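Notes follow the structure.
The values are calculated or read from the model by the stated rules, or taken from the named source; none is laboratory data. Since this is a predicted model, take the numbers as computed values, not measurements. So basically every Cβ, Gly included, is an ideal-geometry build from the backbone, and we count neighbours across all protein chains shown.
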């Protein structure tokens, strides 16, 4: 490796992209964009895998209640600071809230189809995180790889009342429904994570709190909706 190659180690793909834009080098711009996209995807996959591996270890060693406790700690200590006040969130028009949800999911490698009715906007994602883990069989025992990731098997609010649910998807119930409901009475978004390979992760974005069905609250253990 020559000195020039060593010097290039300190130049990020973003800096290369900016330099190529400044010089009008279209081929280098395309290559830099591809490199950035590849690096982002690789880091995103790495993050999802280690989060899921960590939650799986917590659940297997300390029990599923510890998984909920860990996610709640993240929700209280980090997620809450990044979320707008619920009153401000629900003051936004449903199309704006749907765009925010979609933007976050698309940034994580999802694809989406959209339809709507008089009560809600329905976003159906092929999820690039929890859904990808299901599609790739990461919760299944694989020869030579040991046990797959943890399937939660204690039905309750964390699993949306399901008999089983992939542990990664538990952040959906904790961070987007349970904790927001506990703070303000309303979910941030209403989610139906996939259960089987190929299924979509479906989000219902309701136009007003009054249009949220009671069973949305009941499935996470809140028998009396507080709207």
task: Give 141, 164 a once-over and let me know the one that is under 19 Å from residue 58 (Cα atoms) and in contact with a strand residue (DSSP E or B) (Cβ under 7 Å, 6 or more places away or on another chain).
output: 164
message: What's the total number of residues in segment 167-199 that are under 19 Å from residue 148 (Cα atoms), surrounded by fewer than 20 Cβ atoms within 10 Å (Cβ to Cβ) and in contact with a strand residue (DSSP E or B) (Cβ under 8 Å, 6 or more places away or on another chain)?
response: 1
- line: Taking segment 97-108 and the residues there that are touching a strand residue (DSSP E or B) at 6+ places or on another chain (Cβ under 8 Å) and within 19 Å of residue 36 (Cα to Cα), the one that is surrounded by the fewest Cβ atoms within 10 Å (Cβ to Cβ) would be 106
message: For a quick check of your reading of the model, give me the residue pairs whose first member lies in segment 77-91 and is surrounded by 10 or more Cβ atoms within 10 Å (Cβ to Cβ), whose second is at pLDDT below 70 and not in a helix (DSSP H, G or I), with beta-carbon atoms closer than 9 Å and at least 6 apart or on different chains.
response: 89/83
statement: In segment 109-122, anything surrounded by 18 or more Cβ atoms within 10 Å (Cβ to Cβ) and either outside any strand (DSSP E or B) or within 13 Å of the chain's Cα centre (by Cα) (or both) is listed as 109, 110
- request: Tell me which of these residue 72 doesn't satisfy, since it passes every other one: (1) under 14 Å from residue 189 (Cβ atoms); (2) surrounded by fewer than 18 Cβ atoms within 10 Å (Cβ to Cβ).
  value: (1)
message: So if I check each of 17, 36, which one is free of Cβ contacts under 8 Å to residues at least 60 places away in the same chain, under 29 Å from residue 134 (Cβ atoms), surrounded by 14 or more Cβ atoms within 10 Å (Cβ to Cβ) and in contact with a helix residue (DSSP H, G or I) (Cβ under 6 Å, 6 or more places away or on another chain)?
response: 36
field: residue 220 under 20 Å from the mean Cα position of the chain (by Cα), part of a strand (DSSP E or B) and on the phi < 0 side of the Ramachandran plot
entry: no
- prompt: Among the residues of segment 188-217, which ones are closer than 20 Å to residue 162 by Cβ, without any contact (Cβ under 8 Å) to a residue 24 or more places away in the chain and in a helix (DSSP H, G or I)?
  reply: 214, 215
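I'd like to check which helices (runs of 4 or more DSSP H) are fully inside segment 1-78 and have at least 3 residues that are modelled with pLDDT of 90 or more, within 30 Å of residue 177 (Cα to Cα) and over 20 Å from the mean Cα position of the chain (by Cα). Break it down stepwise before answering.
Working: elements: 3-8, 13-23, 26-62, 64-74.
Qualifying helices (runs of 4 or more DSSP H): 26-62.
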- prompt: Checking residue 182 against (1) modelled with pLDDT under 95; (2) within 23 Å of residue 59 (Cβ to Cβ); (3) within 15 Å of the chain's Cα centre (by Cα), which test does it fail?
  reply: (3)
query: Do we have any residue at all in segment 203-213 that's over 25 Å from residue 89 (Cβ atoms), modelled with pLDDT of 95 or more, in contact with a strand residue (DSSP E or B) (Cβ under 8 Å, 6 or more places away or on another chain) and surrounded by 18 or more Cβ atoms within 10 Å (Cβ to Cβ)?
result: no
